[in-house]
Protein chains: 2
Amino acid sequence: MRNITPAEVKNSSLQQLNALCEQLREEIFRTVSMCGGHLSSNLGTVELTVALHRVFDFPRDKIIFDVGHQCYAHKLLSQRAELFHTLRKEGGLSGFPKREESEYDCYGTGHAGTAISAALGFAKARDLNGGQYEVVALVGDGSFHNGLVFEALNSLRILKTRILIVLNDNGMSISPTVGGSHEVFEALRSGNACDDDVRLFERYGLTYMGVVNGNSLEELLPALERAKEELKEGSVLLHVSTKKGLGYPFSENAPTETHGLSPKPAPKREYASALGEELSLLAQRDPRVVAVTAAMTDSLGLRGFFNAFPSRAYDVGICEEHAAVLSASLAAAGMKPYYAIYSTFLQRAFDEIVHDVCGQDLPVVFCIDRAGVTGPDGETHQGIFDLSYLSFIPNLAIGIPANIGEFRAMLRASVDYAAPLAIRYPRAGEEGSDAPIEIGKSEILHSSTSDILLIAAGERCLDLARRLLERAQRSGFSFTLVNLRFLKPLDVELLQTLSQKYIVTLEDNVLCGGLSDAVNRFFLNENRTIANFGYRDCFIPQGEPDSLARKYGLNEEEIWRTLEEFHARG
Amino acid sequence: MRNITPAEVKNSSLQQLNALCEQLREEIFRTVSMCGGHLSSNLGTVELTVALHRVFDFPRDKIIFDVGHQCYAHKLLSQRAELFHTLRKEGGLSGFPKREESEYDCYGTGHAGTAISAALGFAKARDLNGGQYEVVALVGDGSFHNGLVFEALNSLRILKTRILIVLNDNGMSISPTVGGSHEVFEALRSGNACDDDVRLFERYGLTYMGVVNGNSLEELLPALERAKEELKEGSVLLHVSTKKGLGYPFSENAPTETHGLSPKPAPKREYASALGEELSLLAQRDPRVVAVTAAMTDSLGLRGFFNAFPSRAYDVGICEEHAAVLSASLAAAGMKPYYAIYSTFLQRAFDEIVHDVCGQDLPVVFCIDRAGVTGPDGETHQGIFDLSYLSFIPNLAIGIPANIGEFRAMLRASVDYAAPLAIRYPRAGEEGSDAPIEIGKSEILHSSTSDILLIAAGERCLDLARRLLERAQRSGFSFTLVNLRFLKPLDVELLQTLSQKYIVTLEDNVLCGGLSDAVNRFFLNENRTIANFGYRDCFIPQGEPDSLARKYGLNEEEIWRTLEEFHARG
C-alpha cells in the first residue's frame, strides 16, 4: 500500500474516507495473514483511527495507544504504509508504537494500562512549556481494569491539565472482559446508566461523552469534533463502542482466537497445553489446587481447567498485581494456587512477589510462560529478565524445565512443595521424559573425563548444548553436560562434585543477575576458567527467536570456539 | 499493659469499652514515644478496632490491615499487650501485622493496597473449603488511590464471594489525600453524594453503608452489627470517618508530622534535606526540572520544592506505578523528572522502570531514599533489594553516593545526563565533599602498594571500609580502597588498572544481583581471590540498622579476619 499523507485524510470526502477504511482493513488483514500480529483489535479500530487522523493533527497533536494492539491503521496513516509488509519482522516495523520508529509514535507501549498516565505527562509538559497540542489516549476497555489506569484517573485533578481519553469499548480484552469496571461500561453502553456512572467520571475530573458507534465515521467525526471543543475546558472521556474483528466474519465471530495470530502454525508443541493437562490432573487429586490468570486463560492453556473447575479458576482481568496478592492470600488460607502468566507481564507483580508471596513464604507456584526471547512482538514482550528479577528474592525456588516432560514433572513435584516456586518456560518445545524430579536437584546429562563442563538450563540452551556436544564428539573431544534445572535452590551437592577446570554456562536470559552470576559465585576462588553465554545488557528488538538468540548472545559458533579453545588448553 | 482476653471485650459494658479505648490510647502513646512507630493513624482507629473485636470473633474471623499502620490496638487486644513494650525492637513485636507473630495476624502487610485482594483470597478459600468465618479488610482512604485496590474491587464480582471492607477515611494518607478518589469519598462523607457515588460501589458488587463516626463506639457497634448481617448476602463497604491522632492534641493538629515517629531525634543529617535543597537549586536554573512523588513529599525532603515550584511538583498519592509512567512521559515530552521514593516502595514500579523509562531510554532520575537496611519497620521496609532489581535493566545508570556531599554532586551531574539514572541512598549520613563528579566514574580513596583491594559503595560500606583501613594501618598493613560510586556503568577504565590479587567487596544490599556480582563478573578468570560481603539471601527483620547490618552480612570482625588472612597470604 502506498503512503498516505495527512493532507489526503483531511481533504477526503466521507465516501472517500469510508473507502480508505476498507483499504486499510484489507491491508491489515493481508499483512497479518503474512506476518502474524494482532488482527481483531486492529480491524475494529480502523474507522476510529481514520477519524482521529481527520480531526487531530498528528504528529503535532499526540496520540498514545494503550498496549498498542490497535496501532496498525495509525501506522498505515503515518508515512509507514510502504513499510507495512515488514511488520513484526527483524528490522521491520514494530507491531507496537515505538518512539524511534516515527515521530507519529510519541510514546511506546506494549504492556497494558500506561496510556492515560503517559498522556498526562505529555499534557503537563505542554502546559509548562506553552506548547500548542492536544493529547489523546486511546484505551481499550480491557485495560480499564488495570490498576495503573485508576492511578492515572486519580491524578487528573491533581495535575490540572487536559487530555482526551477515548475508551474503545469492544467488550473484550484478550479474553472476554470481566469484573466490576465492565459493569460500569456495560451500563453506560446499554443506556442503563442514568447519571450515576457518568457522575463517577465527573468526580475524577472528566467530562463524559458517549456512547458513539466507533465503526461509523458518520457518528465518530462529529463526536470527535465535539470532544475536541470540550477539551478546551478540561479533560474528556469519549466512550466509543467498536466491534472487534469487524469486516472479517471469521474474526468477528472468534475475536479471542484472532486476537493474536502467528504467521504460520507453530511447529512444536506448546508448554501451555501441558500446563492445562497437568493442572487439571493435579486438581482432580488435590482439592487445594486453584488457578489464577490475568486475562490470558486461553494462551496459557487453561481453558480446559476453567471449564472443568469453574469454582477453582480465576481470571481477574489485566490485573497482574491483584492476581499475585490473591494467590498469596489463597495460599495463606490453605489453598495451592498456580498463577500462570507471561514472563514480561509478571514484571507488573514484582513487588507482590517479594512482599506478599516470598516475604510470607507462601506456597504459590508461578507458571511463567513465554520466557526467553519470544520474537516478533519485540522489546516489550521478550521474557529475558525473569531469572534476574526473581533470583535474588529470598524463599523463592526457580525451576527451568529442559522440555515439556520435565515441565510436567516439575508441576507434579510442585504440589507438595511448601514454599514459593517459579517455573519459567518458553512457548513451545518438545515432549521428553516426565520421570519424577526433586525440587532443587540438577541432572548430569552427559559425563566426560575431559576438563570441560557445560552448565545450562531450559530447552533452548540444552538443545544448543546437545548440538555442541555432538559437534565436539565429532571433533574428537567431549564435555560434561549438566542440566541445572533449578537456579534456586542451587544443587550444591551435585555442583561440588564437578571439578572441571573449564566451565561454560548458557542461559536464555540477560547475563546480569541470572544463571551465570549464580554459577560464577558458586565457583568463586576455585581457579576455574568460566565463559558465560546469555543475552547482552540491552533490550532485544523484534525478530525470529532463534535469530535473535544467536545475535544477542547465544551464538553457537562463538560458544563452539570457546569450547575448542578450552579443549586446546585443557 | 496486661493482656486482654477476647471474652473481656465481648462482655464489657459500653462504658467499660470506652474506658478500654482510653487505656489503649495511653498505651499506644506511651509505647510510640519510647519505641517510635506510627502514632496518629493508630490513635485514630482505637474505637474502630475495639468495635471490630467486639462484633467479630478473631482469630476465627479474619482481619487484614491495609499497609498495617493501624494495627497497634489490634495487637493490644490479641494477647500481645504484655509484649507491646518490645514494639519495633529487634526480636520484639512487629509494627505491622505478621503471620508468624500471632494467629490473629492472618496476613502480613507493609506496602499499600493489598488488603482487599488478600481478603478476597481468604474469603474464596473459605467458600471452597466450607469454612465458617468472616473476612474484614480495613483500608485507609490513602490506599484507595492505589491501583491494586481497584484491581481487587474489579474482582469482587468475578470471585463471587463476600467480604467486609471497612474504609477508614481520615482524609489523610501520609500526606493529605489527593485526587479523584478523594472527591468520591469527600462527597460521600459530606452527604453530597446522592445515590450516584453509592451506585459506583454497587456496580462493583458492594453494598455501601456509611458514613459512621469511627471514633464513637455508640455509632460503630450497631453499624458493624448491621454490616455483619448484610455480609450474609454479599460484600459490604462500611465507610467510617475517623480523626487521625485523636486524643492527643499535638497529634490531632499535626497528623503528618506524627504519622511516623522515631524514638529519638536522628543524630545525623538526612539525605532528604539535601535532595530538597539541590532540586530547588536545579529547578531555578533549569525549567525542565520537575519532581514527582507518591504520597511522601515531606519524608523525601520535598516540601520546600513543592512550595517553591507548585506547578512543577506532583504528589500523585500512593500510586508508585503511575508516578513512574508520568515521569517517563514527562521526559518523553522534554522535561527532566526527578521521581523520589523509598527503595522498598519503588518495587511497585518495577515494570514501569523497565517498560516505560529504560525501554525508551528516557532521562528520568530515580531518587531512592531509605536504601540499605532501614531498621525498626522490618522486612517490608528494608531497602536491600534495589541494586538487584535495577542492575540488570538496560540503559539504567545506578549511582550510590558515599555521603551527602557526593549525593549533591550526583544530582548536579544528573541534570544533563540524557538517560535513565537511579541514585540510591540511606536515610541519614554525613555531609562531605560535593566536588563535581562524572556519571560512571569511580574514585580511589586510598592507594596502597599491598596486594589487597577493597571495593565498596554507599555511606555505610565506605564508613566500614575506612574503619577497616585505619585498623589495618594500626596493624601495619594497608589496602587500596575504591569508592565504586556507580554500579552502572562500571568504571571499566579504572577497574582495569587495579591488579591486586585479593579483592574484598562491601555492599548494603543482598549479595545476589548487586555490586559483588558485577565486580566478580568484571574480574572473572583473572585469578583474583575475592571475598564478597553483603546481605544473605533472606528477609531481614526489624532491629537497629547497625546491628542488623552486622548480623546479616556486614560484620566488621568477619571482614577484618578476611583482610588479615589476605594480608597473611599476600
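Derivation of every value follows stated rules applied to the coordinates shown; laboratory data play no part. None of the values given here were measured: they were computed from a predicted structure. Positions of Cβ are generated from backbone atoms using ideal geometry, with glycine treated the same way; all protein chains shown enter the neighbour counts.
General remarks:
- DSSP-defined beta bridges in chain A - what % are antiparallel, rounded to 5: 15 percent
- Of the three principal axes defined by the Cα atoms of chain A, the extents in descending order read 78, 52, 47 Å.
- Long-range amide H partners of A:Y314 with built H, under 5 Å: A:A291, A:V292, A:T293
- From least to most packed, judged by other beta carbons within 10 angstrom and beginning with the fewest, A:L76, B:L302 follow the order B:L302, A:L76.
- Net charge contributed by nearby residues that have their C-beta within less than 14 Å of B:R288 (K/R +1, D/E -1): +2
- Ordering of A:130-141, B:464-475 by packing is A:130-141, B:464-475, highest average first (other Cβ atoms within 10 Å, averaged per residue).
- Each residue of region A:275-281 was assigned a 3J(HN,Hα) from its phi angle through the Karplus expression (A = 6.51, B = -1.76, C = 1.60, θ = phi - 60°), giving 4, x, 5, 5, 4, 5, 5 Hz with x at Gly and Pro.
- Global dimensions of region A:29-116 from alpha-carbon coordinates: Rg and Dmax equal 12.0, 34 Å.
- Exposure proxy ranking, count of Cβ atoms within 10 Å, fewest first, for B:H69, B:H381, A:H85, B:H38: A:H85, B:H381, B:H38, B:H69
- Where only DSSP H runs of four or more residues are counted, the protein assembly as shown gives -11500 deg cm²/dmol as its mean residue ellipticity at 222 nm, each run worth -39500 (n - 2.57).
- With only Cα atoms counted, the protein assembly as shown has Rg and Dmax values of 29.0, 91 Å.
- For peptide A:126-132, the mean count of partner chain Cβ atoms within 10 Å of a residue's Cβ comes to 3.
- Angle between chain B longest axis and helix B:556-569 axis [Cα atoms, degrees, rounded to 10]: 20 degrees
- Cα gyration tensor of region B:443-569 - equivalent ellipsoid semi-axes, whole Å, descending: 22, 18, 13
- Shape of region A:269-429 from the C-alpha gyration tensor: rounded (a/c under 1.5, with a ≥ b ≥ c the square roots of its eigenvalues).
- Placed amide H near A:A397: partners under 5 Å, 5+ positions off or other chain: A:L421, A:A422
- Relative protection proxy for A:153-164, A:13-24, B:311-322, from highest mean packing down: B:311-322, A:153-164, A:13-24 (other beta-carbon atoms within 10 angstrom).
- 21 Å Cα-Cα threshold exceeded, pairs from A:K75/A:K551; A:K10/A:K228; B:K441/B:K488: A:K75/A:K551
- The mean number of Cβ atoms from other chains found within 10 Å of a Cβ in peptide A:526-533 is 2, as a whole number.
- Peptide B:106-112, shielding by other chains (average Cβ, 10 Å cutoff): 5
- Annotation: amide H-H contacts under 5 Å for A:S442 (H modelled 1.01 Å from N, sequence separation of 5 or more, or interchain): A:D491.
- Phi to ³J(HN,Hα) by Karplus 6.51 cos²θ - 1.76 cosθ + 1.60 over region B:409-426, Hz, x for Gly, Pro: 5, 5, 4, 5, 6, 5, 4, 9, 7, 9, 9, x, 9, 10, 10, 10, 8, x
- About its Cα centre, region B:6-253 has a charge dipole of approximately 500 debye under the convention of +1 per Lys or Arg Cβ and -1 per Asp or Glu Cβ, with nothing else charged.
- Ordering B:513-522, A:446-455, A:42-51 by mean Cβ neighbour count within 10 Å, with the highest value first, yields A:42-51, B:513-522, A:446-455.
- Pairwise centroid distance, computed over Cα atoms, of region B:489-515 with region B:319-381, Å: 25 Å
- Under 12 Å, Cβ to Cβ, from A:Q23 - net charge with Lys/Arg +1 and Asp/Glu -1: -1
- Beta bridge orientation in the protein assembly as shown: antiparallel %, DSSP, nearest 5: 15 percent
- DSSP assigns beta bridges within region B:6-253; of those with both partners inside it, close to 5 percent run antiparallel.
- The long axis of helix B:46-55 is offset from the longest Cα principal axis of chain B by roughly 60 degrees.
- Summed residue charge, Cβ within 9 Å of B:L128's Cβ, Lys/Arg positive, Asp/Glu negative: +3
- Total charge dipole magnitude, region B:269-429, about the Cα centre, Cβ charges on Lys, Arg, Asp, Glu only, Debye to nearest 20: 460 debye
- Helix B:320-332 vs. chain B, principal-axis angle (Cα, 0 to 90°, nearest 10): 50 degrees
- Inverting the pair-averaged 1/r between distinct Cα atoms of region A:407-492 gives 14.2 Å as its Kirkwood hydrodynamic radius.
- Two-decimal log10 I(q)/I(0) for region B:6-253, as the Debye equation yields it once each C-alpha is a single scatterer, q = 0.14, 0.15, 0.16 Å⁻¹: -0.89, -1.03, -1.19
- For region A:154-168, backbone phi angles converted through the Karplus equation (6.51, -1.76, 1.60; θ = phi - 60°) give residue-by-residue couplings of 4, 8, 3, 6, 5, 8, 6, 10, 10, 9, 9, 9, 9, 8, 8 Hz, Gly and Pro being listed as x.
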